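The values are calculated or read from the model by the stated rules, or taken from the named source; none is laboratory data. Source: prediction; values computed, not measured. Heads up, the Cβs are rebuilt from the backbone with ideal geometry, glycines too, and the neighbour counts pull from every protein chain shown. Keep in mind that these areas ignore ligands, DNA and RNA; they rest on the heavy atoms of the full protein, side chains included. Shrake-Rupley method; radii C 1.70, N 1.55, O 1.52, S 1.80 Å.
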Amino acid sequence: MTPTNKPHTAAASTTTANTTASTTTITNIAALVTNDPSLGDGSPIGLIQDAAVVIDGDRVIWVGESSKAPTTDNAVDAGGRAAVPGFVDSHSHLLFAGDRTQEFNARMSGRPYSAGGIRTTVAATRAATDDELSANVAKYLAEALSQGTTTQETKSGYGLTVADEARALRVAARHTDEVTYLGAHIVAPELADDPAAYVDLVTGDMLNACAPYARWVDVFCEQGAFDGDQARAILTAGRAKGLQPRVHANQLSYGPGVQLAVELDAASADHCTHLTDADVDALAHSRTVATLLPGAEFSTRAQWPDARRLLDAGATVALSTDCNPGSSFTSSMAFCVALAVRDMGMTPDEAIWSATAGGAAALRRTDVGRLAPGARADLVLLDAPSHVHLAYRPGVPLTWAVWRAGERVR
């Protein structure tokens, strides 16, 4: 965690609140993670014991000790459960069709993952209808929400034609505000022998068709996908169209992705599995968030990212699922928290911060990923007395209740 870089709101009062008939107070919270170090125990996660939260409309207006909570018309007794901000999943690939069970089965039998496996999903996605794609996105967003994910980014990248990429983003924009143009996932099969022509397409007609539906532009900067010069051209063109850059960087090998992300002030460099000391230093001295995706390493038996190395250097770290049908078919942020603690050197406090406030930083959002006055009222009650149980009890469904934008959705 790097508290100086993370989203933070000053003037977070815990003593007064103006309440209305629509206000809800959640009391008897055993331990509340606020992600505001000015609150509670003063740690980066701002932990308040025996806490309460007051929600008015879609915002948090008060947090503090349960005994001091203002009286409101609506009250919820948390029953001694822990509360954390809604998870912020800043990297997923939900616009797809088809199934890659056979590929996974083969890989678990000894075949390594490579970028080429994406082509299988491209064929299935192109053949799907808009309604089928929309139903898939809705299904996986609902699955994630039921596990406490209240903010979700998702990408295109399985169409790789002008029409298919544009319709993927058009469908995605119906379901989430955090939409990413990833025409540069791999070179389209039709242009496999002419990658320069595909880069021209991605930075030209495809970008023009896709930009109205997206907030972000991304590129898979990797051997077998796009090199540093190609990635720079794609991200620069996207930025000229008003899209903010992010990068699939250094997943399968050492390469230029992280340095390019920092050079272009990308919001995030995602994967960050193979890092030089210069890469770590560049991330630590930039606004670019290192987004780690442990589901991918779990599902491919690959080397784990070294979160401890990044954190000790002062880099801002996020955790995300990378939910996709090929290399990380999980929508569970809690599972990723457990993996990060078990296999990537993170403490439980660091992991919950990275899965909430860290994800918000990777999306350059200050309204989500925290529970303090002024934040959007995204809250998860865990059927456990502490957020530590997310790592302590891996695989156990601990989500007891979820509020998103002040509405109880589970």
So for segment 326-349 (the condition being in contact with an Asp or Glu (Cβ under 6 Å, 6 or more places away or on another chain), under 16 Å from THR34 (Cα atoms) and open to solvent by 20 Å² or more (accessible area, probe 1.4 Å)), does at least one residue qualify?
no
How many of the residues making up segment 300-319 are polar (S, T, N, Q) and either open to solvent by 20 Å² or more (accessible area, probe 1.4 Å) or more than 19 Å from SER90 (Cα to Cα) (or both)?
2
Output the qualifying pairs, or none if there are none: Cβ atoms under 6 angstrom, residues six or more apart or on different chains, first residue in segment 181-201 and over 22 Å from VAL171 (Cβ atoms), second residue β-branched (Val, Ile, Thr).
PRO195/VAL187; TYR198/VAL187
What are the residues in segment 218-246 that are open to solvent by 50 Å² or more (accessible area, probe 1.4 Å) and either without any contact (Cβ under 8 Å) to a residue 40 or more places away in the chain or touching a Leu at 6+ places or on another chain (Cβ under 7 Å) (or both), if any?
GLN223, ASP227, ASP229, ARG232, THR236, ARG239, ALA240, LYS241, GLY242
Give me the helices (runs of 4 or more DSSP H) completely within segment 221-300, filtered to those with at least 2 residues that are hydroxyl-bearing (Ser, Thr, Tyr) and farther than 17 Å from THR180 by Cα, ordered by residue number.
294-300
Just one of the numbered conditions (1) of a type outside the set (A, V, I, L, M, F, W, C); (2) farther than 24 Å from VAL88 by Cβ; (3) touching a Phe, Trp or Tyr at 6+ places or on another chain (Cβ under 6 Å) is not true of ASP193; which one?
(3)
Take THR25 and tell me if it is at pLDDT 95 or above, farther than 22 Å from PRO348 by Cα and either touching a strand residue (DSSP E or B) at 6+ places or on another chain (Cβ under 9 Å) or not in a loop (DSSP other than H, G, I, E, B) (or both).
yes
Number of positions in segment 247-264 that are open to solvent by 60 Å² or more (accessible area, probe 1.4 Å) and either farther than 18 Å from HIS185 by Cβ or of a type in the set (S, T, N, Q) (or both)
3
Of those in segment 248-266 that are without any contact (Cβ under 8 Å) to a residue 40 or more places away in the chain and of a type in the set (A, V, I, L, M), the residue farthest from SER156 (Cα to Cα) is VAL262
Looking for something under 27 Å from ASN250 (Cα atoms), open to solvent by 30 Å² or more (accessible area, probe 1.4 Å) and touching a residue at least 12 places away in the same chain (Cβ under 8 Å) - is there at least one such residue anywhere in segment 127-139?
no
Going through ARG107, ARG111 one at a time, which residue ends up being surrounded by 16 or more Cβ atoms within 10 Å (Cβ to Cβ) and more than 30 Å from LEU47 (Cα to Cα)?
ARG107
Condition check: open to solvent by 40 Å² or more (accessible area, probe 1.4 Å), of a type in the set (Gly, Ala, Ser) and either part of a strand (DSSP E or B) or touching a residue at least 60 places away in the same chain (Cβ under 8 Å) (or both). Does ALA142 satisfy that?
no
When every residue in segment 171-217 that is out of contact with any Asp or Glu (no Cβ under 8 Å at 6 or more places or on another chain) and among the charged types (D, E, K, R) is compared, the one least open to solvent (accessible area, probe 1.4 Å) is ASP194
Of (1) more than 26 Å from SER331 (Cβ to Cβ); (2) touching a residue at least 40 places away in the same chain (Cβ under 8 Å); (3) among the β-branched types (Val, Ile, Thr), VAL289 satisfies all except one. Which?
(1)
Selection from segment 34-80 of residues open to solvent by 10 Å² or more (accessible area, probe 1.4 Å), hydroxyl-bearing (Ser, Thr, Tyr) and touching a residue at least 24 places away in the same chain (Cβ under 8 Å) yields SER38, SER43, SER66, THR71, THR72
